[in-house]
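S.K.: Mind looking over this structure? Questions follow.
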Amino acid sequence: MNKKTLAYTLLGTVLFLISTSGMADSSEKNLEGDLIKALQLNKDTAERVGDSGKAIQAYMSQGVVNKKPNQRSDYTDYYIVNKAEKFMGHDLVVIEEEYMTQNIGCCVNPGAGISVRINDSSENLMKFAEENGCSLTEHVNLSETLSNVGISADFPKGDYASLSCRERDIKL
């Protein structure tokens, strides 16, 4: 290999590494952004801005959650987060999506939700909930809550909250 070819090869490799090093940060921001959109409310249509299924699939493709839910109970899929991710500055712990595949009785409440370990204050989550037709439950015993749907999981000590952005959470 001559010096010129070697130089171009090295330059190409360096440029490739530089360009892909920012992709991880970018894809993490896109994950969070897509999930935020899936929970945001379009006040004109009373529908969510984004698609929760697509947002969850993006987390799957990055290995953040399993390809299949950790549990499906009634109409809700529960996904335990496998690696550190943030949601509005808090530690994302669980993503859930409620939808009907077949009627199992009453009453599906379509939409999505998350559970987080609070870092500092939950004020930004409260504001998001108020502005987007969601409900926020603070000081959640997440291990107990998940145990009620058949998931056994231990979480680090901390203050947990659950944000639900489902159809019946909307108060217009």
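S.K.: Using a 1.4 angstrom probe on heavy atoms only, work out the carbon and sulfur share of the accessible area of region 79-138 in %.
M.R.: Answer for region 79-138: carbon and sulfur cover 46 percent of the accessible area.
S.K.: Within region 40-140, report the GluC sites (Glu not before Pro) that DSSP leaves as loop and that have at most 13 other Cβ atoms within 10 Å.
M.R.: 138
S.K.: Report the label-to-label distance for residue 84 and residue 106 in nanometres (one decimal), using points 7 Å from each Cα along the Cα→Cβ vector.
M.R.: 4.7
S.K.: Going down the list 37/86; 86/127; 54/171, which pairs span over 20 Å between their C-alpha atoms?
M.R.: Those over the limit are 54/171.
S.K.: Something else now. Summing +1 for each Lys or Arg and -1 for each Asp or Glu, what net charge is found among the other residues whose Cβ lies under 12 Å from the Cβ of residue 41?
M.R.: Its environment carries a net charge of -1.
S.K.: If you don't mind, there's one more thing I want to ask. Give me the net charge of residue 106's neighbourhood, meaning all other residues with Cβ under 13 Å from the Cβ of residue 106; Lys, Arg count +1, Asp, Glu -1.
M.R.: 0
S.K.: Among rounded, prolate and oblate, which fits region 94-172 when a ≥ b ≥ c are the square roots of the eigenvalues of its C-alpha gyration tensor, a/c under 1.5 means rounded, and a/b larger than b/c means prolate? If you can, show how the numbers build up before the last one.
M.R.: On the way: a/c = 2.89, a/b = 1.16, b/c = 2.49.
In terms of gyration-tensor shape, oblate.
S.K.: Counting only heavy atoms of protein chains, what accessible area per residue, in Å², does region 100-172 have with a probe of 1.4 Å?
M.R.: 60
S.K.: Count the net charge of all other residues whose Cβ sits under 15 Å from the Cβ of residue 135, scoring Lys and Arg as +1 and Asp and Glu as -1. Don't jump to the answer; show the numbers that get you there.
M.R.: Details: positive: 48, 127, 166, 168, 171; negative: 96, 98, 130, 131, 138, 167, 169.
It works out to a net charge of -2.
The values are calculated or read from the model by the stated rules, or taken from the named source; none is laboratory data. Owing to the predicted nature of the structure, the values given are computational and were not obtained by experimental measurement. Glycine also receives a Cβ, built like all others from the backbone with ideal geometry; neighbour counts cover every protein chain displayed. Keep in mind that these areas ignore ligands, DNA and RNA; they rest on the heavy atoms of the full protein, side chains included. Shrake-Rupley method; radii C 1.70, N 1.55, O 1.52, S 1.80 Å.
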